[in-house]
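These notes concern the structure reproduced below.
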Amino acid sequence: MSKINVVYWSMTGNTKAMAEAIADGVKSAGAEVNVCEISAITPDELAANEVFALGCPAMGAENLEEGEVEPFVTELEGKVSGKKIALFGSYGWGDGTWMRDWVDRMTGAGAEVVNGEGTICEEAPDDTTIKELNELGKKLASL
Ligand SMILES: Cc1cc2nc3c(=O)[nH]c(=O)nc-3n(C[C@H](O)[C@H](O)[C@H](O)COP(=O)(O)O)c2cc1C
């Protein structure tokens with residue numbers, strides 16, 4: 001199993017904390033992990049992997065962050081058919097619309113979203129969410 005990439009964009013650290021909890025789960029399963037900001041990797045590099053995790057909080061009005069994440073995901077859409085992807089992100093006041101739209105985009109592009117509806121949490125992840133993300137990391141390591 002090659003290194004699992006856990007890639008994120010985060011303005012105030014909540015989605016970053018989620019990424020780190022996934023990475024802890026990957027490591028606890030004995031696999032190698034690369035946790036990085038989205039600016040540190042290209043869509044081609046990410047899509048070279050069969051399994052990866054990608055995180056972004058709700059921004060704009062129930063959108064992905066528009067400067068970096070939206071163009072990255074648009075490019076990724078043409079490259080993810082058959083890939084197993086975990087999606088995650090934090091939100092503030094919405095109802096998770098941004099994540100539902102994102103899951104639809106990735107499944108529409110032929111990817112399998114391995115954590116169902118994506119893993120979301122309001123602001124900072126609490127202990128329950130951290131445990132859920134640890135388990136998600138273990139699952140990614142087993143795929
Ligand atoms: C410019 C901006 C736009 C936002 N838009 C939404 C939104 O549409 N829906 C929502 O639920 N939360 C929204 N939020 C709240 C963030 O998603 C929330 O604070 C989240 O925890 C930030 O994650 P981060 O710490 O990883 O940056 C917005 C926050 C900012 C700063």
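The values are calculated or read from the model by the stated rules, or taken from the named source; none is laboratory data. Remember, it's a predicted structure, so these values are computed and weren't measured experimentally. Heads up, the Cβs are rebuilt from the backbone with ideal geometry, glycines too, and the neighbour counts pull from every protein chain shown.
Brief remarks follow.
- Flag if Glu75 is within 14 Å of the ligand (Cβ to nearest atom), of a type in the set (D, E, K, R) and either closer than 23 Å to Asp127 by Cα or surrounded by fewer than 18 Cβ atoms within 10 Å (Cβ to Cβ) (or both): no
- Leading residue by the ranking (surrounded by the fewest Cβ atoms within 10 Å (Cβ to Cβ)) among those in region 89-107 that are more than 8 Å from the ligand (Cβ to nearest atom) and among the charged types (D, E, K, R): Asp104
- Test result for Val80, closer than 24 Å to Gly25 by Cβ, among the β-branched types (Val, Ile, Thr), more than 10 Å from the ligand (Cβ to nearest atom) and surrounded by fewer than 21 Cβ atoms within 10 Å (Cβ to Cβ): no
- Subset of region 105-141 (residues that are assigned to a strand (DSSP E or B) and among the polar types (S, T, N, Q)): Thr119
- Glu20 vs. criteria in a loop (DSSP other than H, G, I, E, B), of a type in the set (Asp, Glu), within 13 Å of the ligand (Cβ to nearest atom) and at pLDDT 95 or above: no
- Residue list for region 81-139, filter: farther than 19 Å from Glu50 by Cβ and β-branched (Val, Ile, Thr): Thr97, Thr119, Ile120, Thr128, Thr129, Ile130
- Among the residues here, Glu135 does not qualify as at pLDDT 95 or above, within 16 Å of the ligand (Cβ to nearest atom) and either in contact with a Ser or Thr (Cβ under 7 Å, 6 or more places away or on another chain) or not β-branched (Val, Ile, Thr) (or both).
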